[in-house]
1. If we keep just the residues of the range 251-272 that are open to solvent by less than 40 Å² (accessible area, probe 1.4 Å) and either modelled with pLDDT under 80 or at positive phi (or both), which is farthest from the chain's Cα centre (by Cα)?
2. Within the range 239-268, track down each residue that is in contact with an Asp or Glu (Cβ under 8 Å, 6 or more places away or on another chain) and under 20 Å from GLU204 (Cα atoms).
3. Looking at (1) among the polar types (S, T, N, Q); (2) modelled with pLDDT of 95 or more; (3) closer than 16 Å to ALA210 by Cβ, which one does SER185 not meet, given that it meets all the others?
4. Find the residue count for the range 519-540, including only residues that are aliphatic (A, V, I, L, M) and either open to solvent by 20 Å² or more (accessible area, probe 1.4 Å) or more than 40 Å from the chain's Cα centre (by Cα) (or both).
5. Would you point out the residue of the range 307-346, among those that are open to solvent by 40 Å² or more (accessible area, probe 1.4 Å) and under 22 Å from the mean Cα position of the chain (by Cα), that is modelled with the lowest pLDDT?
6. Please go through the range 592-647 and give me each residue that is open to solvent by 60 Å² or more (accessible area, probe 1.4 Å) and among the small types (Gly, Ala, Ser), ordered by number.
7. For a quick check of your reading of the model, give me the residue pairs whose first member lies in the range 342-367 and is farther than 23 Å from MET326 by Cβ, whose second is open to solvent by 30 Å² or more (accessible area, probe 1.4 Å), with beta-carbon atoms closer than 6 Å and at least 6 apart or on different chains.
8. Specify the residue that is nearest to ASP287 (Cα to Cα); the eligible residues are those in the range 355-385 that are charged (D, E, K, R) and out of contact with any helix residue (DSSP H, G or I) (no Cβ under 9 Å at 6 or more places or on another chain).
Amino acid sequence: MNPSVPLLLLSRRTIRLIALLLVLPFFVNTAMAGDWPAYRADVHRSARTDESPGAKLNLQWVFEPTHRPDPAWPMPGEESPRMHTDRAFHVTVVGRRAYFGSSADGKVYCLDTRSGKIQWTFFTDGAVRFAPQIADGRLYFGSDDGHAYCLNAANGKLFWKYRPGPSGERIIGKGRMISSWPLRSGVLVKDGVAYFSAGVFPYEGLFICAVDAKTGKEIWTNDTAGDLGWGQTYGGMAPQGYLLASDEILYVPSGRGMPAAFDRKDGHFHKFLSGGGKVGGSWALIDQGQLIAGSDNKGSPIKVAFDASRASKVGDMFANFPGVDMVLTPDTAFTMTLDGIVAIRRQAYAAAARGIPKIAKQRTALGKEINSIRGRYKELTVTKAKLSSAKKDVGAVSKELGELQTKLSAAAKSLSALAVREKELTGARLAWAYSHPKLNCLVKAGDTVFAGGSDSVVSVDVTTGKQAWKATVDGLVIGMAVADKRLFVSLDSGKIYCFAKSSAKPTLIKPEVNSAAFTGTSRFREAARNILDHSVKRGFALVLGAGEGQLAWELANQSELTVIVVEHDAKRRDRVRAKLDRAGMSRRVSVVGWDYADLPDYFANLVVSEEIMRTGKLSAPADEVMRVLRPAGGVLLLGADKGFDANAYLTGTDAPRALHAA
């Protein structure tokens with residue numbers, strides 16, 4: 001720092017003013033039979049496809065992102081995870097393109113399925129927590145920045161974006177700056193309509209929306225789902241999880257609660273699903289006209305079935321085999337339990353579900369009959385003994401005793417027959433059982449079931465239940481997708497593994513981190529050092545004007561600050577954001593074009609400006625700058641370069657005049 005530049009110290013907020021020296025080789029525009037265009041394959045979340053990559057696969061490539069996933073919620077301490085689908089970067093695939101969103105850097109990525117190389121990326125202003133959906137050559141997704149997006153799936157160019165919330169207001173969520181109405185449901189596209197929700201706090205407002213998928217034009221919005229009366233009646237909802245749709249109903253998963261049902265045509269609220277003791281979770285699927293969801297209040301994986309068209313409860317789904325995950329076909333339910341995988345014959349299970357309760361009733365009736373016969377037999381035995389002692393005729397008693405023995409024998413045979421029938425019904429339910437602990441997710445591809453868990457992924461033959469293949473991976477498998485004759489495996493580490501039948505030398509694809517654009521800038525390095533010496537090293541820093549991103553980079557590089565850079569020139573904003581991303585700093589530094597009025601009160605521990613250092617001017621409104629600065633310990637450090645007059649800038653605000661200059 002130049003010691004000849006005056007240092008002005010202001011009271012009230014400890015404000016200090018310091019001088020601060022593409023061509024794509026192949027693309028399929030429309031989702032085909034072998035694609036995986038949505039989370040768990042489709043809008044019913046079936047997690048199955050007829051295409052099989054083969055049962056025995058080889059590793060092709062591994063994509064290792066610069067940043068690990070940054071889930072919205074911490075893992076639970078006691079219960080099983082129920083709303084943590086954003087622990088990995090889930091992949092959707094159309095043609096030779098694989099897509100995923102990042103909860104860490106707020107980008108959507110397009111990869112080549114054969115090489116794993118990045119084809120394009122698209123920035124948003126918030127975490128992208130849910131997998132995109134592809135429909136008719138367009139890519140749809142939502143962001144924590146409060147917008148739904150539609151891109152050209154071929155090149156990542158924006159078609160439209162839509163903000164359901166009433167304003168661009170921001171809040172701090174898990175150490176990040178997010179919209180007050182983040183999109184935590186993804187975007188579901190069905191029959192030319194895109195559906196999504198915004199908001200997670202009921203009394204701040206929830207918005208369930210439908211727009212034209214092609215134009216982004218609003219069709220309807222339900223903005224009453226978070227009303228107090230609704231919450232009192234139904235227990236409230238906080239949209240969190242992938243949407244599902246039947247022909248009539250849009251289902252909105254509600255985090256740890258059960259899904260809520262809305263009419264697809266006009267958005268009116270139908271009901272909040274109630275599973276009794278099953279209090280929900282974001283996992284859900286639709287099959288054969290039924291919505292299946294839920295777990296109990298400790299996270300035990302017992303699912304409940306509802307009529308998908310009327311949202312009415314049908315009953316527990318395969319309650320004898322509580323499933324962590326399941327894939328359903330018309331004949332078989334492949335269910336992942338805590339101990340492995342079971343293949344449930346659905347018709348046999350239904351027959352057992354009907355027959356076993358009847359057998360139980362018959363057994364109870366036979367038990368009562370047998371007890372009655374035995375009681376009467378005991379009485380007659382005593383009577384016969386007395387008659388014999390009195391040398392009286394016992395013929396009638398003996399005859400009845402014989403009849404009772406015959407009845408008792410028949411009842412015992414009936415009881416045995418019921419046991420045999422119950423055993424048959426029980427045994428017929430399972431086609432096979434595969435034992436493997438710590439599995440976490442399941443998909444079906446052709447004649448193969450793939451399952452992933454802790455550090456491994458396996459393939460199992462759907463007919464025999466025999467393991468055909470096993471591979472080691474580095475982490476916990478959270479999601480899988482099958483398309484382009486490949487298996488894509490998403491881990492909690494953020495890595496994506498690609499397996500295929502062909503032999504290959506596996507390649508590691510890792511975005512290059514290069515901070516060369518920020519080297520050799522001693523002026524900004526020294527300025528950042530001086531700033532940090534006079535302020536804070538943790539919390540939030542607000543940089544007014546991006547300049548070339550040098551100051552933001554140095555502050556983040558030399559501290560633990562989360563840096564928000566507000567830059568209203570779109571070209572400069574894109575340029576600086578790209579530079580910071582290449583330098584591996586996009587998780588810590590956000591370059592945005594938000595209105596200052598949308599920033600939350602008192603959030604900033606530190607406010608600085610690169611704009612002043614470069615131009616001697618500051619376009620940020622002074623009253624807004626003072627509003628966002630913390631009232632106790634917040635530090636405002638502005639440059640006096642190029643004739644900038646801090647006192648004149650602050651005139652008219654509630655900042656006091658300088659008390660000291662040195």
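The values are calculated or read from the model by the stated rules, or taken from the named source; none is laboratory data. All of these numbers come straight from a predicted model, not from anything done at the bench. Cβ coordinates were reconstructed from backbone atoms using ideal geometry, including for glycine residues, and neighbour counts include every protein chain displayed. The area values use the complete protein model at the heavy-atom level, side chains included, leaving out ligands, DNA and RNA. Shrake-Rupley method; radii C 1.70, N 1.55, O 1.52, S 1.80 Å.
1. The qualifying residue farthest from the chain's Cα centre (by Cα) is GLY267.
2. Selection gives nothing.
3. SER185 satisfies all of (1) among the polar types (S, T, N, Q); (2) modelled with pLDDT of 95 or more; (3) closer than 16 Å to ALA210 by Cβ except (2).
4. Total satisfying the criteria: 2.
5. Looking at residues that are open to solvent by 40 Å² or more (accessible area, probe 1.4 Å) and under 22 Å from the mean Cα position of the chain (by Cα), I get PRO322.
6. Those that are open to solvent by 60 Å² or more (accessible area, probe 1.4 Å) and among the small types (Gly, Ala, Ser): ALA597, SER619, ALA632, GLY643.
7. ILE359/GLU422; LEU366/SER414; LEU366/LEU415
8. Per the criteria, the residue is LYS358.
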